[in-house]
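Working notes, beginning with the structure itself.
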Amino acid sequence: MNHRKNDVLTLKIEDMGNDGEGIGKADGYTLFVKDAVIGDEVEVKIMKAKKHYGYAHLEKVVTPSPYRVEPLCPIARPCGGCQLQAMSYEEQLRFKQNKVLNNLTRIGGFPESDIPIEPILGMDEPFYYRNKAVFPIRADKDGNLITGFYAGRTHNIINNRRCYLGVKENEQVLDIVIAWMERNHITAYDEAAGNGLVRHILIRYGFSTKEVMVCLVINGKNLSRTEDLIEDLREIPGMTSITTCTNTKQTNVIMGDKIDLLWGQTYITDYIGKIQFQISPLSFYQVNPAQTKVLYETALEYADLHGDETVWDLYCGIGTISLFLAQKAKQVYGVEIVPEAIKDARHNAKLNKIENAKFFTGRAEDVLPDKYEKEQIHADVIVVDPPRKGCEESVLDTMIQMQPEKIVYVSCDSATLARDLKYLCRHGYEMKRVRGVDQFSQTVHVETACLLVRKP
Ligand code: SAH
């Protein structure tokens, strides 16, 4: 049977794609259905028909899956942020466990029976976990100030002040700032024209200190009439830092580089485990510190340090993993491309009185071979936590030459992880342990930690 655009049909969703879309078959023809949940019987309309597969719009859930739940957020479906809110959390975890396993078998080429996968570590509270939120402020066509999130793949804002992934303080902050703007006729930024003053509101929360930071990103040098804004924001328990950040460029980049203090101090403090971090509006910081701790503790357990090891931490960011490892190793070296992150890493080391961590600015693919060739550096353990695209092959080659006893690979994309593991396992390493950690419930993302040991 030929399937065409606009055909309406009923099918059972039998699998989930990597982006959280439901997958079902109608007479052997595969359809991808966004917003459908595995186990659903659905009525769909074909939007795009290719020869062997197509994309369909979910028209109606005929029989809901046993894993289907009512999303907490009323705009979960149109909003681009969450892909899995209509799925029970248990099933989300099963989806992520399978995603890691599938990538390791399909891309990594590991037989399933050889993969030493441990059960994924889920979150205690799968909502309200993000410590950072950035809300764009815009005017709608009637001139009313709105804020919220972009609808999937667009720049259209769905007006919403309550996001269930963020902390409850976010909504209070937005109410106060927007009311202040309305009272004082302060304009919102207009992306197309490049005028208007307030672009974004950045809010950060220290889960372990309960400190709150608010930063208004503005298309101008400063804000006036801020007395009552400050007074109202200070009513929020834990308010610690109120700043502006100037960004007058007509760009998609949210933050500028100049921070000005309105009230309090320019940073908040937070902890991951015992390690303290000072976070400014411009610092990179993990958005889910509770699960970051779980992930890095898993990495630390895999590294199994006894105190006499030399450890390299590649793609070290602000040194979170390095400082974790330094508590148990003789010496840690971190490598990171962003100079500001290295500055933070050194500052954080000092703050925590950690003296056995040293940081280098540069690309891992330059720094590591350079140090290896010129200084014959040695590593007992190499930890990597690369961005989504994984490691450059040249980095993997240097790692292989250095012959560390162990490699601990922390990854935010199990597809590139699988590719890199395949390479390392062809060159003398063996996968000993692997485990998913959920840092981003309601979304399709999953972090993975993996232990590789050098074959004798
Ligand atoms: N573990 C870190 C975060 C790692 S995220 C932390 O907790 O802070 C990946 C990091 O790799 C980012 O900080 C990014 O800036 C850095 N990076 C990206 N490409 C790089 C490269 N080629 N060499 C070194 N670091 C790189």
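The values are calculated or read from the model by the stated rules, or taken from the named source; none is laboratory data. As the structure is a computational prediction, the values presented were derived from the model and not from experiment. When we count neighbours, we look across all protein chains shown, and the Cβ atoms used for this are built from the backbone with ideal geometry, even at glycine. Side chains are part of the model used for accessible areas, which takes the heavy atoms of the whole protein and leaves out ligands, DNA and RNA. Shrake-Rupley method; radii C 1.70, N 1.55, O 1.52, S 1.80 Å.
On alpha carbon coordinates alone, what is the Rg over Rh value for the chain, Rh being the Kirkwood radius? Mind dumping the intermediate values first?
On the way: Rg = 24.1 Å, Rh = 24.2 Å.
Taking Rh as the inverse mean 1/r over Cα pairs, Rg/Rh reads 1.00.
Solvent-accessible area of the range 120-215 (1.4 angstrom probe, protein heavy atoms only): carbon and sulfur portion equals 48 percent. Rolling a 1.4 Å probe across the protein heavy atoms gives the range 8-63 an accessible surface of 52 Å² per residue.
Hydrodynamic analysis of the range 132-279 uses the Kirkwood radius over alpha carbon pairs. Inserted into Stokes-Einstein at 4 °C and 1.567 mPa s, it gives a translational diffusion coefficient of 82 µm²/s. For the chain, the mean residue ellipticity at 222 nm estimated from helices alone is -7500 deg cm²/dmol, where every DSSP H run of n ≥ 4 contributes -39500 (n - 2.57) and the total is divided by all residues, rounded to the nearest 500. Solvent-accessible area of Thr246, all protein chains in place: 30 Å² (probe radius 1.4 Å, heavy atoms, ligands and nucleic acids excluded).
Between the residues Ala329, Tyr271, Gly22, the greatest Cα displacement towards the positive end of the dipole of the chain, with unit charges on the Cβ of Lys, Arg, Asp and Glu, is found for Gly22. Our summary gives the chain a relative contact order of 12 percent, counting only alpha carbon pairs under 8 angstrom and 6 or more residues apart. State the percentage of accessible surface on the range 8-63 attributable to carbon and sulfur atoms; use a 1.4 Å probe and exclude ligands, DNA and RNA. Ligands and nucleic acids excluded, carbon and sulfur give 48 percent. Legend: residues Trp312, Trp263, sorted from most to least accessible area (1.4 Å probe; ligands, DNA and RNA excluded), read Trp263, Trp312. The heavy atoms of Tyr129 present about 10 square angstrom of accessible area, all protein chains included, probe 1.4 Å.
Figure note: Met255, Met16 ranked by solvent-accessible area, largest first, 1.4 Å probe, ligands and nucleic acids not counted: Met255, Met16. Annotation: amide H of Leu165 within the under-5 Å range of Tyr128, sequence separation 5 or more or interchain, hydrogens built in the peptide plane.
Counting only protein heavy atoms and a probe of 1.4 Å, the accessible surface of the range 297-412 is 46% carbon and sulfur. Other residues with beta-carbon under 13 Å from the beta-carbon of Gln97 carry, at +1 per Lys or Arg and -1 per Asp or Glu, a net charge of -2. Accessible surface ranking for Phe359, Phe110, 1.4 angstrom probe, highest first: Phe110, Phe359.
Measuring with a 1.4 Å probe in the full set of protein chains, what accessible area per residue, in whole Å², belongs to the range 132-279?
I get 48 Å² per residue for the range 132-279.
Other residues lying with their Cβ under 14 Å from the Cβ of Tyr129 contribute a combined charge of -1, Lys and Arg counting +1, Asp and Glu -1. Measuring only protein heavy atoms, the 1.4 Å probe finds Arg234 accessible over about 130 Å². Using the average count of surrounding beta-carbon atoms within 10 Å as a protection proxy, the listed peptides 52-58, 189-195 rank, highest first, as 52-58, 189-195. Counting charges near Arg199 (Lys, Arg +1; Asp, Glu -1) among other residues having Cβ under 13 Å from its Cβ returns a value of 0. Rg/Rh for the range 1-114 stands at 1.00; both radii use Cα atoms, and Rh follows the Kirkwood definition.
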